[in-house]
Amino acid sequence: MKVLHSITLIGLLALPPITRAATITVSTDVATGPGSLTAAILALHDGDTIAFHIPPDSGEVHYIKTPPDGYPLITKNNITIDGYTQGGAASNTASIHAANNAAIKIALTSTNGNALSMYSACTNFAGIDYPNFGFGDGEQALLGFFRASNAWVKGFAFLSSYQTSTSQQAGGDSKTICFAVDAPDVSTQACQGFHVSGCWFGVDPVTRQVAYMPNGTDVATPTICIATYGTGTNGTPGFPNIELFPGPGTIGVAAGSPNPRAEFNVFVTGYGFDSQGGPLRVSGNFWGVLPDGTTLADMTSLNGGAEQGDAFAEFGDSHDILVGTDGDGVNDADEGNLFGALSESMAQGVSLYFYSAPETNIVVAGNTFGVDIHGKSFGVGTANKIAHSFDNVSTVRFGSDFNGVSDALKANTGSDSELFDFDSTSPTKTRCISMRGNSLTNTTTVDGSRPPLGDGQATADGLDVYTNFVDVSGVNGTLDIIPVIGAGTTATSMTGTCGKPLGAPYTRLIVDLYVADPDPAAPPQGMKWLASFTDNSAADSNPAVGAFTFSTAGLGIASGTKVTIAVTYSSDTQPTIGSIKRAGNQTTLSVTGGAGPTYGIQKSSTVNGPYTFITAAAGGSAVFTDDNSPASFYRATGASATGQTSPFSDVFTIP
């Protein structure tokens, strides 16, 4: 017995200590001392949550001012800082196309000019003077994170002076939330999995209006709301000279969120999210619009534009960037962003800014640009820019991929805006912009030509884009890229040509038909998507490559309707269904080919249809319930998401 007791004791002593996640409560709006946010941060362990119960806990807003030199650096993993725990607080329940109804009761403010110098805080913690750190001391945080993975900040109003000061440096840039990564030769801790949701920046939670500094003139929003950058090596001999970039990270609605509307953010800012790395996800946010969803908060005009920054969201050296809807069939209607308009015609006045090639796999889907929650234009004119410098990126998808999953929800809406501009090098066969299914009214290119990239005539307006993509030699020069609606077109039949056919791998020519913007002063563009057809498919009765005749019967196109087309030169192939197994009413199938990785699976009780959507096959496989009896027929719908979209054709009036 003694021996057995001894063995048991030794076994117990060998077990690692058990740690349990704790909730640490902030009980005072004083920045330091017992019960303060400072004390809560200092007490954090991995997995903990910081909650708020500040008396009175019955619905008042509590403003917590930043202490001198800022709050302590946050270095723990899997932590949550939750402002919605304060009494009277409630997360938003309205859709992205309705007024944000969140009740925020904790405001973290650095309007006193206090902040945390990121470089000194991180290097002091690590005991290393990093030579290539992502942040300097002039970049100063209200909440600073270093190495921390899976940090979630939610349910706060953030108010800040545009510039802040610390004992390390005066007059620094206020960057409210900073996520800093370690050097790759020190560790692989890259602030992975950060998440900011349900927060308001530059909005007073009491008045729900633009927040101002005590002087009543300056807007109480930071230089940058959220920042995350890469860190270079620490100089280890023989270590590759690489940078460690942050990501993944989410601003707004996370993938598969159980409560997506609670995760909407509201940004009153000239510079919302500044980032490097990836994957990065920006979904379900208001940008430059107040919580009512209709009042423009344009930083190019507020305070004379003195606090205007580069863009609502900026991405450098990035990959796998999602702006808007991911199209996985879950929460797709609640993942788009609403981007307000910027009235000044300046390089900074842009919603999305991309820089530093190569950037790959960029998806912009399900967003609205220049319109409010009701679809009404903010009316600032085409000075508003949607995106800058797509020339640095590869495989951009702006709009739907038409894979059969939430296709309509992946369309972007743009109004009274300049679409894209380029720095220098334009897209080539490996740098393409697929632009399908969107709704555009009074949009234009840099030179005022037809969307999306121009007519291929001016150097700054499509010439480099299309000459780098197709062979434009021939009698019509670059105009060969513009598709044509044929004179034989009627309300029930569409004829025309795609423009000059391309060689491999861009052998799939997809024609998208739109109701055109009826404004005769606007360049040709599609206001409402109607249908898609593939050249030389079974639906095309014209056997010539690049020429087509499609039936449009059943689309309800009335005489006098103004229409236009655009052609996407796609390298994507159609997918095929592989193995199928059935057990009771459970079907398991696999899909190969196409663009992937998500396919729309459709079913019918007969081989000739009609087919209806049944599930999304992620990663090439799906398991789903099907009660059809005695049999079902399935087909897979694959994306057409890579390739170059042509200019819109001239507007054609249906006879």
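The values are calculated or read from the model by the stated rules, or taken from the named source; none is laboratory data. Treat the numbers as computed from the prediction; the structure is a model and nothing was measured. FYI the Cβ positions are ideal-geometry reconstructions off the backbone, even for glycines, and counts take in every protein chain you see. Protein only, heavy atoms only, side chains kept; ligands, DNA and RNA dropped before computing areas. Shrake-Rupley method; radii C 1.70, N 1.55, O 1.52, S 1.80 Å.
Remarks
- Looking only at residues in the range 292-311 that are in a loop (DSSP other than H, G, I, E, B) and touching a Phe, Trp or Tyr at 6+ places or on another chain (Cβ under 6 Å), the one that is farthest from residue 139 (Cα to Cα) is 311.
- Residue that is most open to solvent (accessible area, probe 1.4 Å) [pool: residues in the range 621-635 that are over 34 Å from the mean Cα position of the chain (by Cα) and among the hydroxyl-bearing types (Ser, Thr, Tyr)]: 629
- Scan the range 421-442 for residues that are of a type in the set (Val, Ile, Thr) and modelled with pLDDT of 70 or more and the total you get is 2.
- Identification of strands (runs of 3 or more DSSP E) wholly contained in the range 245-291 with 2 or more residues that are in contact with a Phe, Trp or Tyr (Cβ under 7 Å, 6 or more places away or on another chain) and within 23 Å of residue 163 (Cα to Cα) yields 265-267, 273-276.
- Elements of type strands (runs of 3 or more DSSP E) contained in the range 122-166, each with 2 or more residues being more than 15 Å from residue 231 (Cβ to Cβ): 139-141, 152-154, 157-160
- The single condition among (1) open to solvent by 10 Å² or more (accessible area, probe 1.4 Å); (2) assigned to a loop (DSSP other than H, G, I, E, B) that residue 173 does not satisfy is (2).
- Extreme residue, modelled with the lowest pLDDT, among residues of the range 5-37 that are within 16 Å of residue 107 (Cα to Cα) and of a type in the set (A, V, I, L, M): 31
- Restricting the range 58-84 to residues that are part of a loop (DSSP other than H, G, I, E, B) and among the polar types (S, T, N, Q), the residue that is modelled with the lowest pLDDT: 58
- Taken over the range 63-90, the residue count meeting the criterion of being more than 16 Å from residue 145 (Cβ to Cβ), surrounded by 19 or more Cβ atoms within 10 Å (Cβ to Cβ), of a type in the set (Ser, Thr, Tyr) and more than 25 Å from the chain's Cα centre (by Cα) is 1.
- Every residue from the range 176-204 that is among the hydrophobic types (A, V, I, L, M, F, W, C), in contact with a Leu (Cβ under 6 Å, 6 or more places away or on another chain) and not in a strand (DSSP E or B): 181, 190
- Test: residue 618 is surrounded by 17 or more Cβ atoms within 10 Å (Cβ to Cβ) and either free of Cβ contacts under 8 Å to residues at least 40 places away in the same chain or not polar (S, T, N, Q) (or both): no
- Pick from the range 400-419, criterion part of a loop (DSSP other than H, G, I, E, B) and within 15 Å of the chain's Cα centre (by Cα), ranking: farthest from residue 612 (Cα to Cα): 412
- A single entry from 578, 556, 560 fulfils the requirement of being closer than 26 Å to residue 404 by Cβ, open to solvent by 20 Å² or more (accessible area, probe 1.4 Å) and not in a strand (DSSP E or B): 556.
- Selection within the range 322-363: residues that are assigned to a loop (DSSP other than H, G, I, E, B), of a type in the set (Asp, Glu) and open to solvent by 10 Å² or more (accessible area, probe 1.4 Å). The member of this set that is modelled with the lowest pLDDT is 344.
- Note on the range 503-520: among residues that are open to solvent by less than 30 Å² (accessible area, probe 1.4 Å) and in a loop (DSSP other than H, G, I, E, B), the one that is modelled with the lowest pLDDT is 506.
- Total residues in the range 120-132 satisfying the condition of being surrounded by 16 or more Cβ atoms within 10 Å (Cβ to Cβ) and either closer than 20 Å to residue 161 by Cα or touching a residue at least 60 places away in the same chain (Cβ under 8 Å) (or both): the figure is 2.
- Selection of the range 176-204 for residues being touching a Lys or Arg at 6+ places or on another chain (Cβ under 8 Å) and surrounded by fewer than 23 Cβ atoms within 10 Å (Cβ to Cβ) yields 182, 187, 189, 195.
- Unmet requirement for residue 629, which otherwise passes all of (1) among the polar types (S, T, N, Q); (2) modelled with pLDDT of 85 or more; (3) farther than 22 Å from residue 329 by Cα: (2)
- Candidates 310, 292: the one that is among the acidic types (Asp, Glu) and either in contact (Cβ under 8 Å) with a residue 60 or more places away in the chain or open to solvent by less than 10 Å² (accessible area, probe 1.4 Å) (or both) is 292.
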